[in-house]
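These notes concern the structure reproduced below.
Only the coordinates and a few stated rules stand behind these numbers; no lab work does. Please read these numbers as outputs of a predicted model, since none were measured by experiment. Glycine gets a Cβ as well: all are built from the backbone with ideal geometry, and neighbour counts include every protein chain shown.
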Amino acid sequence: MITTPTKLVNAKRTKDSPVKSSLFRQSIRKLSKNKLAVSGFVVVILMFVACFIGPLFSPYTDNKINMAMMNKAPHLKHWLGTDALGRDVLTRVLLAGRISLTVGLASMMLSVFIGSLLGALAGYYRGIVDQIIMRIADLLLTIPSLPLLFIFGALLSEWKIPTDYRMYIVMLMLSFVGWPGLARMVRGQMLSLREREFMQAAVVLGLRDRRKLFNHLLPNIVPLLIVIATLNIGGAILSESVLSFFGLGVMPPTPTWGNMIDAANNMIDFQERPWLWIPPGFSIFATVIAINIFGDGLRDVLDPKQKR
Amino acid sequence: MSEPLLEVNHLKKYFPITKGLLNRTVGHVKAVDDISITLQPGETFGLVGESGSGKSTVGRTILRLTDKTEGEIKFKGLDIHNLSPSELRAIRPKMQLIFQDPYSSLNPRVRVGDAIGEALLDHGLTSKGEVRDRVLDALVSCGLSSYHIDRFPHEFSGGQRQRIGIARALVLNPELIIADEPVSALDVSIQAQIINLFSKLQETRGLAYLFISHDLSVVEHLCSRIGVMYLGSMVETASRDELFRNPLHPYTKALLSAVPVPIPKLKRDRIVLKGDIPSPANPPSGCKFHTRCPYAVDICKHQIPEFREVGSQHHVACHLV
């Protein structure tokens, strides 16, 4: 047997470190060739940058009411005009974007976390665990999610939850209705993976369940998770907007894209003052389309088997 | 003689055939039907037979990858199929499996070093600081280089992957290795390397192998005793020299006559078997081989031949011997 000097080994390790990310790099390279996906990604990034940094450069604040400047059409001082309380629409759209994007991202993360964990447990242990988890998921899937969210929203108003907290509760609500579909997909992947030969090797090696799950099975579904997660952000932003539009999600004065479009509910605003509802509407449209295009590109690269 | 390392007594493994909505059992596939094997420490037992004869199922049942139907499997005196999960986990490192397909038996997302070392950590056999050295030792003793440790499986060739699989089994210092056709997926030059690696490791570490193969020339090179399986049953066991010099069962004779020899002009009496191996769901009555046996007589159709001793360590199941 050869004794290996540790120094040599360490030197080799650093030298080989680029190899570590070779799979990841390959994917990036493939993705960068897809022009549409790249443009989607750029739009998403621009939107994030604008929403999170943009308001810092704005001379206006969100809740500063200016009676002299009510319902003004776009002009040099207010690029997108002002609303009924004289607030700058551009600033509000950007601030609303912060909330909408955060809600979208956070509820996606939470539902991916819950969905993949429960799906993985169901697929790995099968039997009674599987039955319990998947029947709960089935139950949630049979209830149309929009009415369910409406009921939740109405409850929130009934209980007089402070508006500051509502944003977080809306995130929880969205992930609550979002996880079952994801859990199903992860469970299916798990069922097929656990029969693969390398998992039998893991059984013969006598590895612990925890290691089998987290070191062997989950890394194999990460590409799928990334794709689903990306596509889910768009869905979550849409759901949040719908809720807020109906006044059941995040409440004014906190602006979100959804409750800003609420302006279109008023016939006069709808016909006479399009600058109130077109900017937030366009923001939702552009963000969701960009995220979906980017997600489709990611799918082609990371998960080619899913392609139809 | 010392206590055998592995003792398989009258092992049976039937897979149920189910039908209809209620999953009624309408029959059984008798994959393994009454097999007995004893293996001494440091010995190599070869299990040969054509595809579908149940050799892989024997190996997988010994490792409890599938549950047995009947019989007894003792490893170092412990009944494998009656151990609690924690007891079973404790002896897992002592009996390892090497897979046929080096492509599917390595997780594509686990680094080679982790794949080899993780079982050591999981069983608490080595401290975290020493794992890397143990893994490097195993890599080098299997003919790989130390700088391979941080790579992913897709960066290796088939032969190298098979070495990784062997290193993964070896690092645990097992006493028994079940090799399930470890070379049949490799090309001939690599086969030779791997087989030489097997015999070298046996010399240095005193391993016992249960070597499952359909390639008689490989088995002849490596094994001290050989068992021939047909349709789930053992038809003949003998020491290697005895089996190759004096095969008694007509099936063994047919197998041996099919081994290619490197002398092209040599005229041999090839025994060519007609037809395919019958379905194990509905095996022939009497001697299972009588449908294809060139010497079959009436008794073969009705009476199951006894597996009896005909010489020293030479057992055969045939009416005509």
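Taking amide H as placed 1.01 Å from N in the peptide plane, residue B:229 has its amide H under 5 Å from the amide H of B:48, B:49, B:235, each at least 5 places away in sequence or on another chain. Scanning residues 5 or more positions from residue B:71 or on other chains, those with amide H under 5 Å from its amide H are B:12, with H placed 1.01 Å from N in the peptide plane. When chain B is treated as a GNM with alpha-carbon contacts under 10 Å, the residue of B:109, B:134, B:151 showing the greatest mean-square fluctuation is B:109.
Mind putting a number on the dipole of the stretch B:77-199 about its Cα centre? Charges go on the C-beta only, +1 for Lys and Arg and -1 for Asp and Glu, and I need it in Debye to the nearest 20.
On the way: 12 positive and 15 negative charges, 52 e Å.
My answer is approximately 260 debye.
Using a Cα distance threshold of under 23 Å, what count of lysine pairs results for chain A when pairs must be 8 or more residues apart or interchain? Lysine pair count for chain A: 14.
Where both partners of a DSSP beta bridge lie in the protein assembly as shown, what percent of those bridges are antiparallel, to the nearest 5?
Values: 31 of 49 bridges.
The antiparallel proportion sits near 65 percent.
Distance between the C-alpha centres of the stretch A:31-45 and the stretch B:1-79: 56 Å, rounded to the whole angstrom. Panel order for A:79, A:257, A:275, A:159, by other beta carbons found within 10 Å of each beta carbon, from fewest to most: A:159, A:79, A:275, A:257.
Taking the stretch B:227-321, which trypsin sites (Lys or Arg not before Pro) meet the DSSP loop condition and have no more than 12 other C-beta atoms within 10 Å? Provide the component values of the computation, followed by the final result.
Values: sites: B:240, B:245, B:253, B:265, B:267, B:268, B:270, B:274, B:288, B:292, B:301, B:308; in loops: B:265, B:267, B:268, B:270, B:274, B:288, B:292.
For trypsin sites (Lys or Arg not before Pro) across the stretch B:227-321 that sit outside H, G, I, E and B with at most 12 neighbouring Cβ atoms in 10 Å, the list reads B:265, B:267, B:268, B:270, B:274.
The magnitude of the dipole of chain A, with charges of +1 and -1 set on the Cβ of Lys/Arg and Asp/Glu and taken from the Cα centre, is near 1620 debye. Computed from phi, the 3J(HN,Hα) profile of the stretch A:205-218 under the Karplus parametrisation 6.51, -1.76, 1.60 (θ = phi - 60°) reads 6, x, 6, 6, 4, 4, 5, 4, 5, 8, 9, 10, 8, 4 Hz, with x in place of Gly and Pro. Per-residue Karplus couplings for the stretch A:122-137, computed as 6.51 cos²θ - 1.76 cosθ + 1.60 with θ equal to phi - 60°, are listed in order as 4, x, 7, 8, 6, x, 5, 4, 4, 4, 4, 5, 6, 5, 4, 4 Hz, Gly and Pro entered as x. The distance linking the stretch A:53-99 with the stretch B:247-268 is 93 Å (Cα centroid to Cα centroid, whole angstrom). The string of couplings for the stretch B:174-179 from the Karplus curve (6.51, -1.76, 1.60, θ = phi - 60°) is x, 9, 10, 10, 9, 9 Hz, one whole number per residue in order, with x for Gly and Pro.
Which ordering of A:27, B:157 is given by a fewest-first count of other beta-carbon atoms within 10 Å? The order, fewest Cβ neighbours first, is B:157, A:27.
Among the GluC sites (Glu not before Pro) within the stretch A:160-269, those in coil by DSSP and having at most 10 neighbouring Cβ atoms inside 10 Å are A:195. Summing charges over all other residues whose Cβ lies under 15 Å from the Cβ of residue B:164, with Lys and Arg as +1 and Asp and Glu as -1, gives 0.
Quick one: of B:13/B:128; B:265/B:288; B:12/B:301, which pairs are farther than 29 Å apart, Cα to Cα?
B:13/B:128; B:265/B:288
What is the dipole size for the protein assembly as shown, taken about its Cα centre, with +1 at each Lys and Arg Cβ and -1 at each Asp and Glu Cβ, in debye to the nearest 20? Mind dumping the intermediate values first?
Working: 71 positive and 53 negative charges, 221 e Å.
Dipole of the protein assembly as shown, to the nearest 20 debye: 1060 debye.
Beta bridges from DSSP with both residues in chain B: antiparallel share about 60 percent, rounded to the nearest 5.
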